[in-house]
Structure formats: structure tokens, C-alpha cells
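The values are calculated or read from the model by the stated rules, or taken from the named source; none is laboratory data. Keep in mind that this is a model prediction, so the values were computed, not measured. We place every Cβ from the backbone using ideal geometry, glycine too, and count neighbours over all the protein chains shown.
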Amino acid sequence: MAGAARRSGHYLVGMAKPPHARLPLLGVLLLLTYGAHIAEEYWGGEGFAAWAERTAGVHLTVDTWFSLNLVFFSAMAVGVLAGWFREPARWLLIPFGAAVLVNGLLHLAASLATRSYSPGLATGLLLWVPLGVTIIRSARSRWAPAQIRAGIGVGVLLHVGVTLAAYSSSLPR
């Protein structure tokens, strides 16, 4: 009976849901923690835009920084919402989880390299690294390793794209 209940997607009272069934909730946590991360990047220390200019010479205005984050947050919100209504769309959480994991790790690397506080470091390490790992681990019970690797690859490319957009904004026109 229990095996049939699991296969059909219905769960008996008291039975734990498989890890991938938590993905919709983890998607909501992505959005909530994004708000916390943005707040830290804006109000933390000198602010991320000023820190990036001081440490890397990247002239990133606060308006450009905010616009880039608004675009990425909107894409994430659409993906999370799609996953609530269409189970196959939950795969999108893998790239988003990978992107926030990479972001948290890059805040750490940047802080170590510059020996300074990179605004976003605390939420990156305390929220995004564990959340990204949890999303990827939860997805392993639903998708094949090749699909997980593809999702992680897309997430890394998403982060590279946002980073390149930030750097390109500082180039002379």
C-alpha cells in the first residue's frame, strides 16, 4: 500500500514527503532570502556598488545594480511561480539554487581576496550557500544526475551573465 501511495504521488498520513516535494517551499525561501541579501548588499558596509568600485574598479551605479537584481529576481519569481503550478518547471530551482550558491561562495572569495567585507557576505554564507546546497540535494531524489549537472551549469551561466552585465555597465560608452 505504501509503495503504491508513493508512486501515485499521494501520501498517507504520517508519511514523510520525498525531498523533491519540498522544492516549492525552497523556491519561496529563495525569494525571501533574496530580499535579505539585497538589503545587506545595499545597506551593508559601504554598499556593494561602492565596494565593487573600490576593490575591483567596476563602476557599478546603485541604479544599475538594482536593475540587474530586479531582472534576476523577476526571473526567479517567474520560475518559482511556474514550479508551483507545473511540476516539471520545478527543475528551474536547480539553476537558481546553483546561482545563489555560487554567489555566496564568490562573496566569501572576494572578501578573502580583498581582505575586506563584501556586502552580501553574511546572507550569502548563512542563507544562500546552505539553501543552494539543500535545493540541489533535494532535487537529486527527482532528477537524474545529468539533469542536475545541467541545472548547475545553467545556474553558473546565469551568475556569469549577471556578472558580465555588471562589468559591462562600467565600460566607457
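At-a-glance table
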{"quantity": "Enumeration of residues in segment 122-153 that are crowded, with 17+ Cβ neighbours inside 10 Å and under 14 Å from the mean Cα position of the chain (by Cα)", "calculated": "Thr123, Gly124, Leu127, Trp128, Val129, Leu131, Gly132, Thr134, Ile135, Ile136, Gly151, Ile152"}
{"quantity": "Sole exception among (1) over 15 Å from the mean Cα position of the chain (by Cα); (2) modelled with pLDDT under 95; (3) within 27 Å of Ser168 (Cβ to Cβ) for Pro88, by number", "calculated": "(3)"}
{"quantity": "Identity of the residue in segment 127-170, in contact with a His (Cβ under 9 Å, 6 or more places away or on another chain) and not in a helix (DSSP H, G or I), that ends up nearest to Leu101 (Cα to Cα)", "calculated": "Arg140"}
{"quantity": "Tally of residues being of a type outside the set (Val, Ile, Thr) and either in contact with a Leu (Cβ under 6 Å, 6 or more places away or on another chain) or under 15 Å from Val28 (Cα atoms) (or both) across segment 126-154", "calculated": "6"}
{"quantity": "Qualifying helices (runs of 4 or more DSSP H) (wholly inside segment 39-126; at least 1 residues being within 29 Å of Ala21 (Cα to Cα) and β-branched (Val, Ile, Thr))", "calculated": "62-85, 93-114"}
{"quantity": "Total residues in segment 53-73, condition in contact with a Phe, Trp or Tyr (Cβ under 8 Å, 6 or more places away or on another chain) and under 14 Å from Ala110 (Cα atoms)", "calculated": "1"}
{"quantity": "Search result, residues across segment 84-101 that are surrounded by fewer than 22 Cβ atoms within 10 Å (Cβ to Cβ) and within 14 Å of Leu127 (Cβ to Cβ)", "calculated": "none"}
{"quantity": "Matching residues, segment 155-170, being more than 14 Å from Ala52 (Cβ to Cβ) and either touching a Cys at 6+ places or on another chain (Cβ under 8 Å) or surrounded by fewer than 17 Cβ atoms within 10 Å (Cβ to Cβ) (or both)", "calculated": "Val156, Leu157, Val160, Gly161"}
{"quantity": "First in segment 25-38 and in a helix (DSSP H, G or I) and surrounded by fewer than 16 Cβ atoms within 10 Å (Cβ to Cβ), second anywhere and modelled with pLDDT of 95 or more and of a type in the set (Gly, Ala, Ser), Cβ under 7 Å, 6 or more apart", "calculated": "Leu31/Ala77"}
